[in-house]
Amino acid sequence: MFWIGKDVEVFSAQKEFIDTAIVPLTVIDGSPIGMKQSASAAEFLMSLTAFVEQQFKGRVMIMPPFSYTNSMVKKDYIQAIDEELKLAGFKYIFYMTSDHSWTSAAPELSVLWLPSIPLGDMDQSVKQSVLSDQIRQVVPMLSSKWSEL
Amino acid sequence: MSNNRVTRRQFLNYTLTGVGGFMAAGMLMPMVRFAVDPVLQKKEGGDFVLTKQKVSELTKTPVKVDFTFEQVDAWYKSDVTSTAWVYKEGDKVIALSPVCKHLGCTVNWEGDPAHKNQFFCPCHGGRYEKNGENIKGTPPLGPLDEFEVKEKDGLLMIGKTRPNTLV
């Protein structure tokens, strides 16, 4: 599911089955050195979350990405988002990011950190296989949380 | 000179009718075109998509076959890669849609080691038999959809989905 009108309608009707929210976290870096890196990391993350959506459409809701800069106190924002999503009725909330600073910034949240792979120059079929490989890293993390309760 | 000479009045009548007719046609044509437009429109998604899978290499075990088609979402065009689970039943090629009939996750062949020879949906543990029939007691309420299939030069072509015809 995506955070769009039609899917949210389904979510409201099927809350017992759609219980997981995934929030992509993307850093916006405007410096000349960091710009390209941050853009391609965002590209990678968007492709990856869309792929996760395809595989787990009936259980996860992919939220619009949370974008921030390094000068923001990002932890406060994310805690507000976390509370809001719990209020909405999600039992599991995951954050996916390529920004390594999150692993230490918010240890109590389920942050899935994946090193970014530049997809920009890749062929469609290569992209597909790279993303499938990455998905294989994500699935165990999701299913271990799901089977906790 | 012929006997029936064209009078000035007749000449004017002919030319005016002619020119008027052209003008009327010029206005009517686009209107008619708009009215019949839905009939002339090309059907999208009705075409078969060629895959890289050789039909001769298919076996009784379902394999994943990827195929790509163009999808238009408002003004945004994108190539969408979709998959099908394809196997042979005798000489017949069967292609099943991997979309779970419960809430639309992607099912995998033998995705759960505990249940061999079944399709498994990782989201809520839905299971299907090899022919796509949903197993009672698991969340899905209907069988997996089937793709129309064709063969071209030994390669598999995948068409539209249709309700399962095997169950």
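State whether the residues of the stretch A:97-106 include one that is away from chain B (no Cβ under 12 Å), farther than 30 Å from residue A:17 by Cβ and assigned to a loop (DSSP other than H, G, I, E, B). Yes - at least one qualifying residue is present in the stretch A:97-106. Considering the stretch A:1-76, the qualifying strands (runs of 3 or more DSSP E), each wholly inside and each with 1 or more residues that are surrounded by fewer than 17 Cβ atoms within 10 Å (Cβ to Cβ), run over A:66-68.
Selection within the stretch B:135-167: residues that are without any contact (Cβ under 8 Å) to a residue 40 or more places away in the chain and either part of a strand (DSSP E or B) or of a type in the set (Ser, Thr, Tyr) (or both). The member of this set that is least open to solvent (accessible area, probe 1.4 Å) is B:138. When restricted to residues that are away from chain B (no Cβ under 14 Å) and open to solvent by 70 Å² or more (accessible area, probe 1.4 Å), the stretch A:116-148 contains 5.
The values are calculated or read from the model by the stated rules, or taken from the named source; none is laboratory data. All values derive from a computational prediction rather than experimental measurement. Neighbour counts run over all protein chains shown; Cβ positions are idealised from the backbone, glycine included. The area values use the complete protein model at the heavy-atom level, side chains included, leaving out ligands, DNA and RNA. Shrake-Rupley method; radii C 1.70, N 1.55, O 1.52, S 1.80 Å.
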